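Worksheet for the structure shown next.
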């Protein structure tokens, strides 16, 4: 299941997070945990929202103010976005390095197709067992 898919109603989210539904509504109004809305404007919570609600409850029980909790959640979201951006940039860098002249080689694949490889790597070998019969023997 996708952790970002909004599937839980407010009553189910309240039960899963161990909070009252009114508390979830208050957190939504304050912008702490903002669930997705359906066409009819009812709230739908994802597994990520449930995890955030549990984290809010934990931080609150440790005495962190709602303002502090909001700051913690904002920083966690920023860190998640930065990690995602780093992965995107790593892929783009690998693609750019492969596009440079002299950084790619070409080899024949197991079916005879042309494969583009990074310099210094080898084509995947065929590991299938093949019965060899010399010509002329029946």
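Where a number appears in this text, it was derived from the coordinates with a stated rule and is not lab data. Keep in mind the model is a prediction, meaning the values are calculated, not measured. Reconstructed Cβ throughout: ideal geometry from the backbone, glycine too, with neighbour counts over all protein chains shown.
Test of understanding: ordering 131, 64, 86 by Cβ neighbours within 10 Å, fewest first, what list do you get? Show your work: numbers first, answer last.
Numbers: 131 4, 64 15, 86 10.
The order, fewest Cβ neighbours first, is 131, 86, 64.
To test your reading of the geometry: what angle, between 0 and 90 degrees and rounded to tens, separates the Cα axis of helix 47-61 from the longest principal axis of the chain?
Once rounded, one gets 50 degrees.
Starting from the Cα of residue 75, step 7 Å along the direction of its Cβ; do the same at residue 89; then give the gap between the two resulting points in nm.
With each label placed 7 Å out from Cα toward Cβ, I get 2.1 nm.
Cα convex hull of region 10-95: mean projected area in nm², to one decimal? Show your work: numbers first, answer last.
Numbers: hull surface 28.4 nm².
Averaged projected hull area, Cα only: 7.1 nm².
Round to the nearest 0.05 the FRET efficiency obtained for residue 116 and residue 48 when R0 = 30 Å and r is the Cβ-Cβ distance. Spell out each step's value before the answer.
Values: r = 38 Å, r/R0 = 1.25.
FRET efficiency, residue 116 to residue 48: 0.20.
For a quick protection proxy, order the peptides 24-30, 42-48 by their average other-Cβ count within 10 Å, most packed first.
Working: 24-30: 15.9, 42-48: 17.9.
Final packing ranking: 42-48, 24-30.
By how many nm would the segment from residue 57 to residue 106 grow when fully extended, if each residue of separation counts as 0.36 nm and the alpha-carbon distance is taken off? Provide the component values of the computation, followed by the final result.
On the way: separation 49, 0.36 × 49 = 17.64 nm, distance 5.62 nm.
In short, 12.0 nm is gained.
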